[in-house]
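The values are calculated or read from the model by the stated rules, or taken from the named source; none is laboratory data. Keep in mind that this is a model prediction, so the values were computed, not measured. Because the Cβ atoms are built from the backbone with ideal geometry, glycine has one as well, and the counts that use them run over all protein chains shown.
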Amino acid sequence: MAGIKAFVDSCNGTLSSVPERYMMPNGAADVSRYAVLPIVDVASESFERDLVDACTKYGMFSDLQLKNHGIHTEDVMRCALEFFNSPSEDKMRYYTEEIFTPVRYCTSMMPSKEEKLEWHDHLQMWLKEESLGAHPWPAFPASYRDVGSEYARNIFKLGKRMLLVMSEGLGLRSNRLLEAFAEMVLLTRANFYPACPNPRQALGMEGHTDSGGLTFVLQDGVGGLQLKQGEDWYNVKPLEGMLVVNMGDQLEVLSNGRYKSILHRVMVNSKSSRLSVGAFLGPSLDAEISPIPELVSQESPAKYRSRTYRDYMPTKLSYFDNMRQLQATAKVLSITKVASEFSS
Ligand SMILES: O=C(O)CCC(=O)C(=O)O
Ligand SMILES: [Fe+2]
C-alpha cells in the first residue's frame, strides 16, 4: 500500500475509473455554494477585537480566514510538495499506520482497517515547541527542518494569541484555555490529493471534525475543501496565502459545547492534484480534557466526559468507518453525535 499518488503515477495517465476500494458509498455531489468566512487581519491593531467580533457575529466562529499571519506559506507548501514528489521508496521509509509516531507517512486514515479508502496520501508530524530542533524531520527535502521549525514556531505563537482571546470569548480569564491545554502539541499534516478520474465516486477526505483544538489550513489554489453549515455543504474558496482556521473537538469539549468543531470534507477533481497543509494545535496528549468547571452549572451540565487527547484520537479515528456507514444511510452527522458517544 504505497499510497494513492504512487498508484495514479504508475498508470501514466491511463487511469480511467476509480478502483472499487476508493468508491465511497454515498459519492460526492457537486456543490455550487460558497461559504462566507470572515477574514481577519493578524497584523492589524484591531486583531484581537476583530477576532472577538468574528467569534460573536458568526455564532462563535467555527471557521474564519486569517491574512498577514507572518507564515511563509510558499516555503511550507513547497517542502510538502517536494516530499510527495520524491521517489516512493524514500517516502516508504516513513510509512506507518501508528498515529502517534513523530513522523508518519500514510494514505487514507488507517488503510489496513478501512473498507473504503480516501483519495489522499499524507505526511503527519507531532511537534512540541521546546523540542523543534530535536524533532526527527524528514530527510528530504533538506530544507524541511528549517522551514518546518519556523512554521511551527509561528503557529504556536499565533495559536496562543488566539486562545487568549477565545478564553475571553467564553467569559473566562484570558489564560484559562492555555492552562487547560497545558504543554500543547502541534500535529501538522500535509495532504496530497492526486487528480481523480471520477471525482463523484471518490472523496479526498470523508466528512469529519478535527480532533485537536485549533486547526490552521493552508491550501493551494485548486479548491475542494467544503464545510457543512446547517444541512448544506459549502465550498471554501481558496484565497492565496490565507490560513483557514477552524475549531476542533478538544475546544468543543473544553467550552462545554459553546465552541463547535465544524464538519468538513475534501472533494477531488479530475483536472489537477491538490495540496494542503493542516496544523492542529492541541492540548498536551496526557492532560484530562473535560468541560472547564466554570462553564458547567445546573442549567448547563457537562455535555462531555473527561478523557485525554491521547485516548480520544484512536477512538475518533476508528469512528471514521462508522461515519461512512452513517452517511451512506443519509443520516446527518455532527460532532454532537460523536460527543454523545462520549458523554456519561
Ligand atoms: O485538505 C484540506 O483542505 C483539509 C484537510 C483536513 O481537513 C485535515 O487534514 O483534517
Ligand atoms: Fe480536517
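Data overview
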item	result
Count - residues of the stretch 104-149 that are hydrophobic (A, V, I, L, M, F, W, C) and surrounded by 18 or more Cβ atoms within 10 Å (Cβ to Cβ)	11
Helices (runs of 4 or more DSSP H) enclosed by the stretch 45-139 - at least 3 residues per element that are within 24 Å of L227 (Cβ to Cβ) and either modelled with pLDDT under 95 or of a type in the set (D, E, K, R) (or both)	47-57
Only one of V277, V253 that is within 16 Å of ligand 2 (Cβ to nearest atom) and either in a loop (DSSP other than H, G, I, E, B) or in contact with a Ser or Thr (Cβ under 8 Å, 6 or more places away or on another chain) (or both)	V277
Pick from the stretch 280-290, criterion surrounded by fewer than 23 Cβ atoms within 10 Å (Cβ to Cβ) and part of a loop (DSSP other than H, G, I, E, B), ranking: nearest to ligand 1 (Cβ to nearest atom)	L285
Which listed residue, of G212, G230, G221, G207, is under 30 Å from T14 (Cβ atoms) and either without any contact (Cβ under 8 Å) to a residue 60 or more places away in the chain or within 16 Å of ligand 2 (Cβ to nearest atom) (or both)	G221
Residue ID - surrounded by the fewest Cβ atoms within 10 Å (Cβ to Cβ), chosen from residues in the stretch 214-240 that are small (G, A, S) and within 17 Å of the chain's Cα centre (by Cα)	G223
From R274, R305, residue being modelled with pLDDT under 95 and either within 16 Å of ligand 1 (Cβ to nearest atom) or of a type outside the set (F, W, Y) (or both)	R305
Positions within the stretch 216-234 being assigned to a loop (DSSP other than H, G, I, E, B) and either at pLDDT 90 or above or within 12 Å of ligand 1 (Cβ to nearest atom) (or both), in sequence order	D220, G221, V222, G223, G224
Test: residue in the stretch 184-195 that is modelled with pLDDT of 90 or more and farther than 25 Å from V147 by Cα	yes
Residue within the stretch 248-259 that is polar (S, T, N, Q) and under 22 Å from W119 (Cα atoms) present	no
Options L263, L178; residue that is farther than 22 Å from T101 by Cα and at pLDDT 95 or above	L178
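Residue-wise test of (1) modelled with pLDDT under 90; (2) surrounded by 14 or more Cβ atoms within 10 Å (Cβ to Cβ); (3) over 19 Å from L178 (Cα atoms).
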| position | (1), (2), (3) |
| --- | --- |
| L295 | no, yes, no |
| S300 | no, no, yes |
| F320 | yes, yes, yes |
| M323 | yes, yes, yes |
| L326 | yes, yes, yes |
